[in-house]
1. For the stretch 209-246, which positions are within 23 Å of the chain's Cα centre (by Cα), among the hydroxyl-bearing types (Ser, Thr, Tyr) and modelled with pLDDT of 95 or more?
2. Out of the residues in the stretch 159-174 meeting the condition of being among the aliphatic types (A, V, I, L, M) and touching a residue at least 60 places away in the same chain (Cβ under 8 Å), tell me which one is farthest from VAL212 (Cα to Cα).
3. Take ALA35 and tell me if it is under 30 Å from MET157 (Cα atoms), assigned to a strand (DSSP E or B) and more than 24 Å from the chain's Cα centre (by Cα).
4. Please go through (1) under 25 Å from GLY61 (Cβ atoms); (2) surrounded by fewer than 18 Cβ atoms within 10 Å (Cβ to Cβ); (3) touching a strand residue (DSSP E or B) at 6+ places or on another chain (Cβ under 9 Å) for ALA163 and return the number of the only condition it doesn't satisfy.
5. Residues in the stretch 61-78: is at least one touching a residue at least 12 places away in the same chain (Cβ under 8 Å) and closer than 28 Å to THR428 by Cα?
6. Does the stretch 202-218 contain any residue that is surrounded by 23 or more Cβ atoms within 10 Å (Cβ to Cβ), more than 11 Å from MET173 (Cβ to Cβ) and in contact with a Phe, Trp or Tyr (Cβ under 9 Å, 6 or more places away or on another chain)?
7. Is it true that some residue in the stretch 248-263 is in contact (Cβ under 8 Å) with a residue 24 or more places away in the chain, touching a helix residue (DSSP H, G or I) at 6+ places or on another chain (Cβ under 9 Å) and at positive phi?
Amino acid sequence: MGHAVTTPAPAPVLALSRVIKSFGPIEVLHGADIALHSGRVHALIGENGAGKSTMMKILTGYQPPSSGQVLLQGQSVMFADMGQAEAQGISLIHQEFNLAEQLTVEQNIFLGSELRRGWLLDKAAMRAKSRALLARLRCDVDPDRIISTLSNSDKQMVEIAKALLRDTRVLIMDEPTAVLTRTETAVLLDQVRALRDAGTAVLFTSHKLDEVVAIADDLTIMRDGSVVWSGPARDMTEHQMAEAMVGREISTLYPPKTGGRGAVALEVKGFSVPGYAQEIRFTLHKGEVLGIAGLIGSGRTETFEALAGLRDGHGDVRINGNAVTIRHPWEALAQGFAYLTEDRKTRGLLLNKGLRDNLTLQALHKFSNWTLDARAEQAALDHAVSEFDIRGSRDVNVGSLSGGNQQKLLFAKTMLSDPEILVIDEPTRGIDIGTKQQMYEFIRKLAAEGRAIVVISSEMQEVIGLSDRVLVMRQGRIAGELVGAEATEDAIVRLAMGVGQSAPLEGTV
């Protein structure tokens, strides 16, 4: 009787085996394993600081392991740098854009891989290839556009086009959808599926667990530098993923809406922002969270930047019943109105400065007479670290902190001016589910204290879960208002697309 012949499983195209990584005396990876297979999407998830970025850097030659092995087609390798990894067909799309801001889209796509005809650059061929790659991504950006003039979502598409240009065997994507709209995310996920079907091994990290469910074949979950679960993605629900990431029960992501609504804190009538919004009208009460929803380009951010003095705007604005004119951010702060930017990396924090310098920058008048009071600054930092659970060394530059801890520091910096009215733009972009839960608790706590809160978010569930009322913007106008149980994803989408109706806006009847 013959024996059945078993075919061994193909070796992973790229893997880590028992990898330990230490920085000085601090061990940040504790014997981590991961295996990426051709033609499969492998999701890597975990809270900020769990070790995901370190693992990706080791896979792509940015950092060597302290011990353990990097395996390429089953053979141990040691990449001296990222160039050696790229030469083996391993590409990384960074979470932070790796683009030359003053060059064109076309120049960025081909940077280091220019096409030539003899001694000259083959500009026609590069132009045609750039257009083809962008069309494949359904991105209608002109290849002649300067990168600095693009939106964040278009910059992400250029990063992806760069990766598609290379003959990539392994594509590692670090939070690729963090700055994308829902439509752009759908396009990206389609491209990931196409790459997988063509035989590429894809490592995909995201804090959006619905994307993991939609795209992943395999799943690795990390917590505190260790792999805590690995297997087929279909074996884990979103809820189970979240609990494995944070190591505790997550019964409800959003805190209860217990704040009582008080007097009107902010009243806006006939407010316009040239080129972005017109005839904006709404009220905001003390003790409430007002959600602002709408598609990218609807004028949400621009409207509230103008109200906070960050861009030109005009109209009738009243704070606590008093007419105000705000032309600069410090005038807004003087009125108790603070704006927390969606772009913490370039507009919210100084990444090459320390925690203390960043925390007190917006409120230096509180810490100085003729000279800065370093002791008072340190006391403020001690309080902020405790109050907002900011983790990590206080002696490093802010750029070395995880995204979640940067966001908590930005929150602490904004609250140091003790605002009565707080606008928070994209409060949880690029942060993990555990930190999201903390941010939501911070926001509801501020509302319970009687502060008036505005939350602008592209995540509809976030708007619905946090807000007492939701205003939906479309094409620079407020398309409608949804209160309580009326605020559903379907109702928001219909208003954002111009096919829905809502009750009359508060203050208009």
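1. The one that is within 23 Å of the chain's Cα centre (by Cα), among the hydroxyl-bearing types (Ser, Thr, Tyr) and modelled with pLDDT of 95 or more: THR220.
2. Filtering the stretch 159-174 down to residues among the aliphatic types (A, V, I, L, M) leaves 160-161, 163-165, 170-173.
Imposing the further condition that a residue be touching a residue at least 60 places away in the same chain (Cβ under 8 Å) reduces the set to 160, 163, 170-173.
Details: ILE160: 18, ALA163: 21, VAL170: 18, LEU171: 16, ILE172: 14, MET173: 12 Å.
Per the criteria, the residue is ALA163.
3. Details: under 30 Å from MET157 (Cα atoms): yes; assigned to a strand (DSSP E or B): yes; more than 24 Å from the chain's Cα centre (by Cα): yes.
Criteria met by ALA35.
4. With respect to (1) under 25 Å from GLY61 (Cβ atoms); (2) surrounded by fewer than 18 Cβ atoms within 10 Å (Cβ to Cβ); (3) touching a strand residue (DSSP E or B) at 6+ places or on another chain (Cβ under 9 Å), ALA163 is out only on (2).
5. Let us first name the residues in the stretch 61-78 that are touching a residue at least 12 places away in the same chain (Cβ under 8 Å), namely 61-74, 78.
Next, only the ones that are closer than 28 Å to THR428 by Cα stay: 62.
There is at least one residue in the stretch 61-78 that is touching a residue at least 12 places away in the same chain (Cβ under 8 Å) and closer than 28 Å to THR428 by Cα.
6. Yes; the residues of the stretch 202-218 include at least one that is surrounded by 23 or more Cβ atoms within 10 Å (Cβ to Cβ), more than 11 Å from MET173 (Cβ to Cβ) and in contact with a Phe, Trp or Tyr (Cβ under 9 Å, 6 or more places away or on another chain).
7. To start, the set of residues in the stretch 248-263 that are in contact (Cβ under 8 Å) with a residue 24 or more places away in the chain comprises 250, 253-263.
From the residues that got through so far, the ones that are touching a helix residue (DSSP H, G or I) at 6+ places or on another chain (Cβ under 9 Å) too are 250, 253-260.
From the residues that got through so far, the ones that are at positive phi too are none.
No; the residues of the stretch 248-263 include none that is in contact (Cβ under 8 Å) with a residue 24 or more places away in the chain, touching a helix residue (DSSP H, G or I) at 6+ places or on another chain (Cβ under 9 Å) and at positive phi.
Residue-wise test of (1) of a type in the set (S, T, N, Q); (2) surrounded by fewer than 21 Cβ atoms within 10 Å (Cβ to Cβ); (3) at pLDDT 90 or above; (4) more than 30 Å from LEU351 (Cα to Cα).
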{"site": "ALA87", "(1), (2), (3), (4)": "no, yes, no, yes"}
{"site": "ILE93", "(1), (2), (3), (4)": "no, yes, no, no"}
{"site": "ALA132", "(1), (2), (3), (4)": "no, yes, yes, yes"}
{"site": "MET157", "(1), (2), (3), (4)": "no, no, no, no"}
{"site": "VAL170", "(1), (2), (3), (4)": "no, no, yes, yes"}
{"site": "THR177", "(1), (2), (3), (4)": "yes, no, no, no"}
{"site": "VAL192", "(1), (2), (3), (4)": "no, no, no, yes"}
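The values are calculated or read from the model by the stated rules, or taken from the named source; none is laboratory data. In this text the structure is predicted, and so the values were computed from the model without any measurement. Heads up, the Cβs are rebuilt from the backbone with ideal geometry, glycines too, and the neighbour counts pull from every protein chain shown.
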